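Beneath this line is the structure, given in structure tokens, with notes to follow.
Where a number appears in this text, it was derived from the coordinates with a stated rule and is not lab data. Only a predicted model underlies this, so the values are computations on that prediction, with no experimental measurement involved. Neighbour counts run over all protein chains shown; Cβ positions are idealised from the backbone, glycine included.
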Amino acid sequence: MSNKKEWPLFEIFIRSKNGLEHRHAGSLHAADPTMALENARDVYTRRQEGVSIWVVESKDIHASNPEQAGELFEPAKDKVYRHPTFYELPIELKHI
Amino acid sequence: MDNIENLATRFQERIDAGEKIEPKDWMPEKYRKTHIRQISQHAHSEIVGMLPEGNWITRAPSLKRKLGLLAKVQDEAGHGLYLYSAAETLGISRDEMTQQLLTGKAKYSSIFNYPTLTWADIGAIGWLVDGAAIINQVMLTRTSFGPYARAMVRICKEESFHQRQGYEIMLTLCNGTPEQKEMAQDALNRTWWPALMMFGPRDEDSPNTKQSMAWKIKRKTNDELRQQFVDITVPQAEFLGLKMPDPEIKWNEERGHYDFGAIDWDEFWQVVKGNGPCNKERIAARQKAWDDGQWVRDAALAYSAKKSENEEKSNGIKAQRSEGKIA
Amino acid sequence: MKDQLTKYLMMLGDNAMILGHRLSELCGHGPTLETDIALTNISLDLYGQVRSYFQYAAELSGEGVTEDTIAFLRKERTYLNVVLLEQPNENFAHVIVRQFLYDMFQSFLTPALMRSTDERIAAIAAKSIKETKYHLRFSTQWMKRLGAGTEESKSKIQAAVNHLLPFTDELFVMTAVEKEMLEQGIGPDLQSFKEDYYIKVQEVLEQAELSLPEAAPRVVKGKTGIHSEHMGYILNELQYMQRAYPQMEW
């Protein structure tokens, strides 16, 4: 049995090409951020999936609590006036 | 407050409605445990599966084949990694899972306890073992647990070349010399039955199937998937001009499926229990990699700790400078 | 002259192949999954270079010669890789040091080959320079991690440096083939960057808190086909299929 410490977990974000945002690709273990970047390159971009990589140590990510999902996200549900379809305009009108 | 029963009902309703469950969502303890078990076993299978195929990397017959095989075995390491990561979201560490593998507490697919004796085995594994795995994995891309489903999507995308690679190896052998074709036939003979066993015990001996269906870990039963595999594979063997190592294989017009012979379940359970031809060697190889790697993993951590200490010190100096304390 | 060029291509390709072979032995046995994947990537890069060099050599050799006959069907005495790269994977420290010493050499050789009068070689070098840079970065990082890591890792990697560094002298020996290539403007004068090589190596050793061993260079002649006792066993595996089943398509 091992009670030794494990390499920390990192979350990997990849930009697949310029013009697009970085997206979460997955995670991996690395001893430090430099190694995490290299590992990410080898693990997540073997098939030219990326042009840029971000790594963040998983423990540094702050996440919203799913139990509060109701109070966080549901109030936005009935704010239909935030969407263009809420406003009725004559159909013959163009470019608006 | 909600009681557990209400939560469990709502949980099942979400799954029934096709919603995904994410790691921090409430989930029944059994759901968590089942997923840790299944995902880690899946990961272990990828990692242990590297060994029988890795056995032929240094002896691959051409440069092209060597590169293809190396890339494939490397993919398996990647797939194991994706799966371990998915399991880690449920609160178990990769090291813990590794220990479960090494101590025999966790299982992996029994197929990898069979030896790879000739180059044709590499073809047969790609064709049959990856073929069987893909049937399972495509189904799992729609499973209810988000991280598992996402890992499966990535894996399926990457794995599509594996089966083609295996079949192409078989095809080349079957179009080659009689000696090569014999090698291919022998590999099929040895791999066929263990490949059928990959789908697990018969439905009547698989008590967890109902629960797995409810959670969408499974969408078809073991026997249904096995039948699907036989139906797909028999014509592929015919195309190769190889003989199926089962005299009972015959198209059944009425069922619309191939009939096939009885699987030797005694052998299956013996191998599961650890008495297969290579169980001990596979675990010994993983144990050795773990032991040999310990000082390397420790060194990297120690170096990282030292480096960040040094950085803190130099940052400290910078901060002091900006405050004008060090001129 | 064509003969010499073919030999030169084999020399370049054999180095990549024997190191690639050693790395490929580790696939599935690395200290972590991530490291396993990284080492395999390097092996794949090297084998890619092997194919480029051997395909070119095959074209020069004519009828019946392919990249595979060059890779798998020569006698041991005609393989022209340096002895350093045959050294076995004793432990991870040996793997890293062997890699580092080779990568550092390649970081000088490859840019020189990009200026080769032979366009094909120049093009192969231009393609592999990016790989070389990455490999050197990888191995340098690990030199530091192991050198400045724990007591245990330090002693292991120092032992590996002590064992492997004396083999590097051979990298700079100008054989008849290389002299001919220099004359044609195809290959560089290896001696011209020998000093810089050792300066750079020492720099990294210092950063890794390691010391430069004082051992004398080993007298080895892999580049003329005289190998270590390891080589026969490497070829035994490498050539197994082609020898056991001659003249078949795979």
Item to check | Relative contact order computed over chain C (Cα-Cα under 8 Å; 6+ residues apart), in percent | outcome: 24
Next on the checklist: Sort C:LYS127, B:LYS72 by Cβ crowding within 10 Å, fewest neighbours at the top.
Outcome noted: C:LYS127, B:LYS72
Item to check | Computed [θ] at 222 nm, deg cm²/dmol, the protein assembly as shown (DSSP H ≥ 4; -39,500 (n - 2.57); rounded to nearest 500) | outcome: -19500 deg cm²/dmol
Item to check | Percentage relative contact order, chain B, counting C-alpha pairs under 8 Å, at least six apart | outcome: 18
Checklist entry - Which of B:LYS66/B:LYS181; B:LYS66/C:LYS2; C:LYS194/C:LYS221 have a Cα-Cα distance over 22 Å? => result B:LYS66/C:LYS2
Checklist outcome for this item: For the stretch B:1-159, whose charge dipole is built from +1 on Lys and Arg Cβ atoms and -1 on Asp and Glu Cβ atoms, the candidate among B:GLY131, B:SER40, B:ALA151 with its Cα farthest towards the positive end is B:GLY131
Next on the checklist: Among C:LEU80, C:GLN239, C:LEU5, whose Cα projects farthest towards the positive end of the dipole of the stretch C:2-244, with charges put on the beta-carbon of Lys, Arg (+1) and Asp, Glu (-1)?
Outcome noted: C:LEU5
Checklist outcome for this item: For the stretch C:44-157, the charge dipole (Cβ of Lys, Arg +1; Cβ of Asp, Glu -1; about the Cα centre) points to a positive end, and the Cα of C:THR69, C:ALA125, C:PHE108 closest to that extreme belongs to C:PHE108
Checklist outcome for this item: Of C:TYR79, C:TYR198, C:TYR102, the most mobile residue in a GNM of chain C (C-alpha springs, cutoff 10 Å) is C:TYR198
Checklist outcome for this item: As straight-line cross-link partners of B:LYS20, the qualifying lysines (C-alpha separation under 26 Å, not fewer than 8 residues apart within one chain) are A:LYS59, A:LYS77, A:LYS79, B:LYS30, B:LYS33, B:LYS157, B:LYS210, B:LYS216, B:LYS218, B:LYS220
Item to check | Residue exposure sequence - C:VAL220, C:VAL65 - by fewest surrounding Cβ within 10 Å | outcome: C:VAL65, C:VAL220
Checklist entry - Taking neighbour Cβ counts within 10 Å as the exposure measure, how do C:PHE138, C:PHE100, B:PHE161 sort from fewest upward? => result B:PHE161, C:PHE138, C:PHE100
Checklist outcome for this item: A:HIS24 and B:GLU29 label points (each 7 Å along its Cα→Cβ direction) are spaced in nm at 2.7
Item to check | Nearest-20 debye value, the stretch C:104-250 charge dipole, Cβ charges on Lys, Arg, Asp, Glu | outcome: 340
Checklist entry - When the dipole is taken about the Cα centre of the stretch C:1-114, and only Lys, Arg (+1) and Asp, Glu (-1) are charged at their Cβ, what size is it in debye, to the nearest 20? => result 320
Checklist entry - Tally Lys/Arg at +1 and Asp/Glu at -1 over every other residue whose Cβ is under 13 Å from the Cβ of B:GLY78; what's the total? => result -3
Item to check | In Hz, Karplus ³J(HN,Hα) per residue of the stretch B:125-130 (6.51, -1.76, 1.60; θ = phi - 60°; x = Gly, Pro) | outcome: 5, x, 5, 8, 5, 5
Checklist entry - Placing +1 at every Lys and Arg Cβ and -1 at every Asp and Glu Cβ, with all other atoms neutral, what dipole size does the protein assembly as shown have around its Cα centre, in debye to the nearest 20? => result 840
Checklist entry - Other chains' Cβ within 10 Å of C:42-49 residues: what's the mean? => result 3
Next on the checklist: Using Cα springs under 10 Å in a Gaussian network model of chain B, which residue among B:LEU188, B:LEU301, B:LEU83 shows the largest mean-square fluctuation?
Outcome noted: B:LEU301
